[in-house]
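Notes for the one structure printed next.
The values are calculated or read from the model by the stated rules, or taken from the named source; none is laboratory data. Because the structure is a prediction, the values reported are computed rather than measured. Positions of Cβ are generated from backbone atoms using ideal geometry, with glycine treated the same way; all protein chains shown enter the neighbour counts. SASA here: full protein model, heavy atoms, side chains in, ligands and nucleic acids out. Shrake-Rupley method; radii C 1.70, N 1.55, O 1.52, S 1.80 Å.
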2 protein chains.
Amino acid sequence: MNSICSQSTDSEACKRCKGRYCATKVSLFKSLEESQLKAVTDRIVQKNYEKNQMVFFEGDKSDKLYLINRGKVKIFKYNRDGKEQILYILSEGDFIGDISLFKQVELRFNAQAIDDVNICELTKDDFEEIIKENPEIALKILQSSYDRIEKLESLVQSLSNKDVEARIAGLLLSFIKDFGVPGESEILLNLPLSREDLANYIGVTRETISRKLGSLQDEGILRLEGNKRIVILDLEALEEKYI
Amino acid sequence: MNSICSQSTDSEACKRCKGRYCATKVSLFKSLEESQLKAVTDRIVQKNYEKNQMVFFEGDKSDKLYLINRGKVKIFKYNRDGKEQILYILSEGDFIGDISLFKQVELRFNAQAIDDVNICELTKDDFEEIIKENPEIALKILQSSYDRIEKLESLVQSLSNKDVEARIAGLLLSFIKDFGVPGESEILLNLPLSREDLANYIGVTRETISRKLGSLQDEGILRLEGNKRIVILDLEALEEKYI
DNA sequence: CGATAGTTTGATCTTCGTCAATGGGGGTGG
DNA sequence: CCACCCCCATTGACGAAGATCAAACTATCG
């Protein structure tokens, strides 16, 4: 999912075209024809959220579909001890809100912008209208809900792992898959999350993350560059930690 | 989901009718008319699995839909340290296999009978045929996949809880919801799982489960009756532990 | 260049896992 | 009908690993 639209020029274009690009970007609408795409686009309202701003809160009435157009959004709940448990990191092309469209009336989690984020919003009614006109979208929703199930199952798998090092390895590997930039022998990883968020993802404290990343660096598996960049030096060794 | 068909008489009927009852029992097929129901029934193959028998294995080719007709089935994976991580407990009326029907070719988890189990099996091809004839089933699949997502999200929530007592409380509460029999002031809970399985569900050891259940008993919150029965004495206190 | 939020490091405490021994209940065979 | 056995659960002692609290450090941005 390497963002064309995250370049500034294109995001300019996005504004001009009133969200058309974001509709094409979302896999849900990829199959639509030009005219239908226009119908979707006309119903979309674009919004910008700046870094750390909340997109919605747990308990909010769920009456919209949110399509991520640019940036990243973290979806999380608070657990018993008041810490965030991150469930998903959504990027460009992903969408959320669907679950509640057919069933729930309240959102079951919080959504917060990680970057500066541009989101296309579609009301529940409009969305259902679109589905009626294009029933094949329902199948795509099903598809994407399976993707979500898979993500959750592997998160469960990871959380059930006692060994914290294995959990971190798993987290890094999944980030590499999503956001990694392969070099000649190394892989550059621009972390979308702070240490604290990393910790919240795999259910440990930020101190533990620090220590474990430190020891992975000592072992020569990776190199930490500032707070937001990690260079993976030995992918195989990292995979070994996870398996 | 209180089982009519788990009574012996009815399960006799099930055999005679060649699976018709199991088709009606499954929410997927509830909307079907008599004639369509018959079409489904004719394609179903019933199988019995005895306690602890495996229904399928992770990595098996996924070419069937499994509808639970009687009994309970646990769905699990093995994690890095070789222990089971239980993902779902399926009972009568639930089904599994759907996820792989449209996408994967390999099952991503193991299924094992907890009780003596009766399962109706439907091939992938037959199922797709049925969906074509009854498109409204697709929507039900979507619905049930949302249910699954909810289950997983709350499992994640629970696993991310450091406090083991809270995790156990959460597990008990979810069992109460599914299998609890309310009395006058107490709630009787017939556990579907062994101590070891309970432990595998929330990612701790069986010894820890024993100790924590013991201390909940000491606090007067519940009473242990043998290995498979728990009487909940103070539901509010239990909920307090979870919140 | 300085302020500040985020990160790392250290020392101590708590909790759960591990290993080993004991206990009990249900089913089977005498 | 009882005794025995086996499986499962419980209990105890100990150690390891991560949480917590506190302090030092550093990246980043104005």
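Ratio of Rg to Rh for chain B, alpha carbon only, Kirkwood?
Looking at chain B, the ratio lands at 0.99.
Work out the FRET efficiency for A:LYS177 and A:PHE57 from their Cβ-Cβ distance, taking R0 = 41 Å, and round it to the nearest 0.05.
0.90
Helix A:164-179 versus the longest principal axis of chain A: what is the Cα-based angle in degrees, 0 to 90, to the nearest 10?
Approximately 40 degrees, to the nearest 10.
Would you mind checking A:LYS212/B:LYS77; A:LYS47/A:LYS228; A:LYS151/B:LYS61; B:LYS25/B:LYS83; A:LYS30/A:LYS72 for any pair whose Cα atoms are more than 28 angstrom apart?
Beyond 28 Å: B:LYS25/B:LYS83.
Say a label goes 7 Å from Cα toward Cβ at B:SER210 in every copy; what distances in nm does this one have to the rest, shortest first?
4.0
Considering only the label points, 7 Å along Cα→Cβ from Cα, what distances in nm to one decimal separate A:PHE57 from the same position in each other copy, shortest first?
5.2
Using R₀ = 51 Å, calculate the FRET efficiency as 1/(1 + (r/R₀)^6) where r is the Cβ-Cβ separation of B:LEU188 and A:THR205; round to 0.05.
Values: r = 40 Å, r/R0 = 0.78.
For R0 = 51 Å, the calculated efficiency reads 0.80.
How shielded is B:75-82 by partner chains, expressed as the average number of their Cβ atoms within 10 Å of its Cβ atoms?
Whole-number average of other-chain Cβ neighbours for B:75-82 is 4.
Just in the stretch B:42-73: which trypsin sites (Lys or Arg not before Pro) are loop by DSSP and have at most 12 other Cβ atoms within 10 Å? Working shown, then result.
Details: sites: B:ARG43, B:LYS47, B:LYS51, B:LYS61, B:LYS64, B:ARG70, B:LYS72; in loops: B:LYS51, B:LYS72.
Loop-located and lightly packed - B:LYS51.
From the label point of A:VAL105, set 7 Å from Cα along Cα→Cβ, how far away are the matching label points in the other copies, in nm, ordered shortest to longest?
Counterpart label points of A:VAL105 in the remaining copies fall at 4.6 nm.
Between B:ASN227 and B:LYS30, what is the label-point separation in nm under the 7 Å Cα-to-beta-carbon projection?
Distance between label points: 3.6 nm.
Select from B:LYS77, B:LYS212, B:LYS162 the residue whose mean-square fluctuation is largest in a Gaussian network model of chain B (Cα-Cα springs shorter than 10 Å).
B:LYS162
Rank-order B:28-36, B:167-175 by packing density, defined as the average count of other C-beta atoms within 10 Å over each peptide's residues, highest first.
In descending order of packing, they fall as B:167-175, B:28-36.
List the residues whose amide H sits under 5 Å from the amide H of A:GLN46, counting only those 5 or more places along or on another chain, with H placed 1.01 Å from N in the peptide plane.
Residues meeting the criterion, in which the H sits 1.01 Å from N, are A:GLU121.
For the stretch B:8-150, rounded, prolate or oblate, judged on the Cα gyration tensor with a ≥ b ≥ c (square roots of eigenvalues), a/c < 1.5 rounded, else prolate if a/b > b/c?
Note, shape of the stretch B:8-150 comes out oblate.
Tell me whether the protein assembly as shown comes out rounded, prolate or oblate; compute the Cα gyration tensor, take square roots of the eigenvalues as a ≥ b ≥ c, and use a/c under 1.5 as the rounded threshold.
Note, shape of the protein assembly as shown comes out oblate.
Quick one: accessible surface of B:ASP126, probe radius 1.4 Å, all protein chains present, in square angstrom to the nearest 10.
40 Å²
Taking the simple approach of a point 7 Å from Cα along Cα-to-Cβ for both B:GLU196 and B:LYS47, what is their distance in nm?
About 2.3 nm separates the two model spin labels.
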